[in-house]
Amino acid sequence: MLFNSGVFLKFFAGFLLLYWLVRNHLRARNILIVVASYLFYGWWDYRFLGLILFSSLLDYFVGLGIARQNDARRRKLWLTASIAANLGILGFFKYFDFFVTSFGTLLQKIGVPFQTSTLGIILPVGISFYTFQAMSYTIDVYRGNIPACRNVINFLAFVSFFPQLVAGPIERASHLLPQFERTLSITRPMLEEGIWLIIWGMFKKVVIADNLDALVRMAFQNPSYSGPVVVLGTIAFGFQIYCDFSGYSDIARGTARVLGFDIMVNFNLPYFASNIREFWQRWHISLSTWLRDYLYISLGGNRRGEIRTYVNLFLTMLLGGLWHGAAWNFVLWGAWHGAGLVVYRAW
């Protein structure tokens, strides 16, 4: 169910009618959001509803387990269980076939016979987004940054909130979860802002990105085109990917705003950045800050000397590239940006 589809418009219109009736009744409102979000997610493939429910309940109970423990070792065991389970699920569905195929290709290259056998696993929509969102909750509870959520409906609504479920932004529990724990007033300025964001996002996605797609495909699918055509296609792709992703994020923000919720800005004019570090402070902000706070800092950040800082920067972007997709071009893309950040910091 895409934002720019007729099905979503009908879904959202029906949801808005029910939402308006229960907006001031906290429990009924959150139950409606959970039901609607699971309907929205299950529209692609209902079989994956159990996956998001399992992941959500796992982190809900892990958060409670961490909160009830005073022993540092047991708290770490709870957190380790959450991270291992979440990354295990993400790794199996997103990367199993990729690593098996890559390993088989490597063995064949060095002359070792190996019969590649993959499972043909279907990638659940949005799994990278809601997995990272749920993981950030348990890590923040472990670090003492937020209290554990004690209402399972509120937590399910936080993880599955349909405006940002399948394409972000990746929200933090400290920002979004408290909004499910109180009634929200919907003012005229909020409605005006939300409607404008939806219209602007639709324009970027449907009018600009979707129309540039034909030019990009023409330039890259035909190897006989000249250099200037490929340059034009590359520039067009830069605008296409920005308008597609940021447009979707704007629609997500606008949809949430109409409901009285506030979700974070995910893009801030990234092509106006003056260097690569500033670019990553403006592009896909929810992911770049997630990688900084939960991966880069966990690796040691810049606290263990200059060389270790360079290594941490490179590894963070390398894994960030792999997060984007199970293919070597994404790994190389992450390595390219990691190297760029290292060179910029050294310079």
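Mind checking which residues of the range 217-242 are touching a helix residue (DSSP H, G or I) at 6+ places or on another chain (Cβ under 9 Å) and either small (Gly, Ala, Ser) or within 30 Å of residue 184 (Cβ to Cβ) (or both)?
219, 233, 236, 238
Criterion first (part of a helix (DSSP H, G or I), modelled with pLDDT under 95 and surrounded by fewer than 18 Cβ atoms within 10 Å (Cβ to Cβ)) does residue 287 satisfy it?
When the stated conditions are applied, residue 287 does not pass them.
Give 320, 325, 300 a once-over and let me know the one that is closer than 24 Å to residue 87 by Cβ and either among the aromatic types (Phe, Trp, Tyr) or touching a residue at least 24 places away in the same chain (Cβ under 8 Å) (or both).
Residue meeting the stated conditions: 320.
Read through the list (1) surrounded by fewer than 21 Cβ atoms within 10 Å (Cβ to Cβ); (2) outside any helix (DSSP H, G or I), then give the number of the only condition that residue 266 fails.
Here residue 266 clears every test but (1).
Each row is one residue, and each column tells you yes or no for (1) modelled with pLDDT under 90; (2) closer than 25 Å to residue 134 by Cβ; (3) loosely packed, with under 15 Cβ neighbours inside 10 Å.
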{"position": "173", "(1), (2), (3)": "no, yes, no"}
{"position": "179", "(1), (2), (3)": "no, yes, no"}
{"position": "184", "(1), (2), (3)": "yes, yes, no"}
{"position": "193", "(1), (2), (3)": "no, no, no"}
{"position": "197", "(1), (2), (3)": "no, no, no"}
{"position": "200", "(1), (2), (3)": "no, no, no"}
{"position": "204", "(1), (2), (3)": "no, no, no"}
{"position": "210", "(1), (2), (3)": "no, no, no"}
{"position": "214", "(1), (2), (3)": "yes, no, yes"}
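Yes or no: the range 216-228 includes at least one residue that is over 27 Å from residue 166 (Cα atoms), of a type in the set (A, V, I, L, M) and open to solvent by 60 Å² or more (accessible area, probe 1.4 Å).
yes
For the range 144-213, please list each of the helices (runs of 4 or more DSSP H) lying entirely inside it that holds at least 1 residues being under 30 Å from residue 62 (Cβ atoms).
Counting at least 1 such residues, we get 152-160, 173-176.
Regarding residue 67, is this residue in contact with a helix residue (DSSP H, G or I) (Cβ under 9 Å, 6 or more places away or on another chain), buried (at least 19 other Cβ atoms within 10 Å of the Cβ), over 16 Å from residue 90 (Cβ atoms) and touching a residue at least 12 places away in the same chain (Cβ under 8 Å)?
Taking the combined requirement at face value, the residue does not satisfy it.
Please give the number of the condition residue 137 fails out of (1) closer than 30 Å to residue 66 by Cα; (2) open to solvent by 10 Å² or more (accessible area, probe 1.4 Å).
Failing condition for residue 137: (2).
I'd like the full set of residues that are surrounded by 13 or more Cβ atoms within 10 Å (Cβ to Cβ), over 30 Å from residue 183 (Cβ atoms) and hydrophobic (A, V, I, L, M, F, W, C), limited to the range 229-263.
Matches in the range 229-263: 229, 230, 232, 235, 236, 237, 239, 241, 243, 245.
The values are calculated or read from the model by the stated rules, or taken from the named source; none is laboratory data. Note that this is a predicted model, so its numbers are computed, not measured. Note that we place each Cβ from the backbone using ideal geometry, even for glycine, and neighbour counts take in every protein chain shown. Note: areas computed on protein heavy atoms with side chains; ligands, DNA, RNA excluded. Shrake-Rupley method; radii C 1.70, N 1.55, O 1.52, S 1.80 Å.
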